[in-house]
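The values are calculated or read from the model by the stated rules, or taken from the named source; none is laboratory data. All values derive from a computational prediction rather than experimental measurement. Glycine also receives a Cβ, built like all others from the backbone with ideal geometry; neighbour counts cover every protein chain displayed.
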Amino acid sequence: MYPDASSRSARLFERAQRVLPGGNTRHTVAFDPYPLYAASGAGCKVVDVDGVERTDFINNYSSMIHGHSHPKIVEAVRRQAAEMMAVGLPTESEILLAELLVERLPSVEQVRFCNSGTEAVMFAVRAARAFTGKPKLAKVEGAYHGAYDYVQASLDPTPANWGERDPVAVGHAAGTPERLLSDVVVIPFNDVEATARILDANKAELAGVLFDPIVARMGFLEATPAYLRLLREWTRANGALLLIDEVFTFRVGYDGAQGRYGIEPDLTALGKIIGGGLPIGAVGGRRDIMSVFDHRGGHPKVPHGGTYNGNPLAMVAGRVSMELLTKPEIERINRLGDRLRDGITRAIRESGLGGRANGVGSMVAMMLDDSTYTNYRGFLPAAARSIPLALQVHQKMLNRGVLFIPSGGFIVSTAMDEATIDETLAALSEVLSEVARSTGAAFAGAAQS
Ligand SMILES: Cc1ncc(COP(=O)(O)O)c(C=O)c1O
């Protein structure tokens, strides 16, 4: 049973605290009173160091789109590792993965590889600055684009510091220089009027607008068609680039969220699933823009080295993984996502708790709060009510063999089927009722119906 002070996970956490600050090296995997330490994974199951098996709906925050240790990916990595793990020369494997991405994404004519989504976004921002010759970046309030100062501006502002009317750029890490923040323009998601006004006020200096059309940090909230139209038309009309962050959203369609919503970005940042489970990032886009990375005419506008860029292990794992991710497979996991969303919403209603499941395709967010919202300022109070309940559900689900993102996220993999979803929903239904009873919500819900 979790928690258990005598478990191996609890003891490992004790040891970890001596050598890692907070006992942790990745905040997103921390939870109280101690995290579970993983030992192995196969398909949609993960086994912890105490031998307990659970269905994994975290899927390493979406990168494991085929679940754990898919035999074909393992075989490709094993073969590549035996031949060569890293080398100070290019390999054919980088051309093969680049060709696949160029084939899938009509907006992408050329690609550069790096090692994380953070780096992919960072190089997309640099490319936009180099191409336009302008210094500023616009990004959405409350949206996550990796651990990089500029794009972490206003990641989690509060009413105390987010500005009276229009958003002001707030540093995320202590010590973020104000000078740096003055080059970030923060825009409110889905607010066409305010965003147009803010962009207009900065148009002479804006190199690009960075956004993702489904914001994971806001419970997989979708951009409205009017908002997407504004960003595309405004950037085109004002000499700025449209930078789409598909690090998370690429999984929603064969040609990503840009295909699903009919967006034509200038640059695309990729990561997670394109590495087949190994560390990766990529920036891609139009040939004329990508030429900022071309060294053949002398000093490139954007120099781009990196010991692990195009690392053959990630390249081969990514290629096999993406080949396995066929159109029918994407449609199947999107349908599983729908089944999970519908089931969670039903289970929440039946429990008497308020809320619903949100999200798109294989990305599902359980919100234990009834309010509706269109951007970060609406999301924040809803999340403040939902997350404490989600944490209770999370802990109880650990004892029923299910892992999900503690704040309420569920990511579906191709290793799952309808039975996986239905078993999860059966457990979740009981747990939601238990939580409702313990908070008194079951009674309140019953009284309303
Ligand atoms: C939308 C988005 N952009 C960028 C990143 C950063 O990617 P990485 O963690 O690989 O640096 C993430 C990671 O979760 C993400 O969700």
> Taking segment 100-151 as the search range and keeping residues that are over 20 Å from residue 171 (Cα atoms) and part of a strand (DSSP E or B), which one is farthest from the ligand (Cβ to nearest atom)?
Replying inline: 110
> Any chance segment 236-251 includes a residue that's within 16 Å of the ligand (Cβ to nearest atom) and of a type in the set (Asp, Glu)?
Replying inline: yes
>> Can you tell me which of (1) touching a residue at least 24 places away in the same chain (Cβ under 8 Å); (2) more than 16 Å from the ligand (Cβ to nearest atom); (3) not in a helix (DSSP H, G or I) is the one residue 339 doesn't meet?
In response: (3)
> Would a scan of segment 285-308 turn up a residue that is aliphatic (A, V, I, L, M) and under 22 Å from the mean Cα position of the chain (by Cα)?
Replying inline: no
> Consider residue 329 against the criteria (1) part of a loop (DSSP other than H, G, I, E, B); (2) of a type outside the set (Gly, Ala, Ser); (3) more than 16 Å from the ligand (Cβ to nearest atom): it satisfies all of them except one. Which criterion is unmet?
Replying inline: (1)
> Tally time: how many residues in segment 172-197 are out of contact with any Phe, Trp or Tyr (no Cβ under 9 Å at 6 or more places or on another chain) and either over 17 Å from residue 217 (Cβ atoms) or in the same structural domain as residue 376 (by TED's automatic domain parsing) (or both)?
Replying inline: 11
> Can you find a residue in segment 303-310 that is touching a residue at least 12 places away in the same chain (Cβ under 8 Å), in contact with a His (Cβ under 9 Å, 6 or more places away or on another chain) and either of a type in the set (D, E, K, R) or part of a helix (DSSP H, G or I) (or both)?
Replying inline: no
>> With the requirement that a residue be aliphatic (A, V, I, L, M), away from the ligand (no atom under 16 Å from the Cβ) and within 23 Å of residue 372 (Cα to Cα), what does segment 197-227 give you?
In response: 226
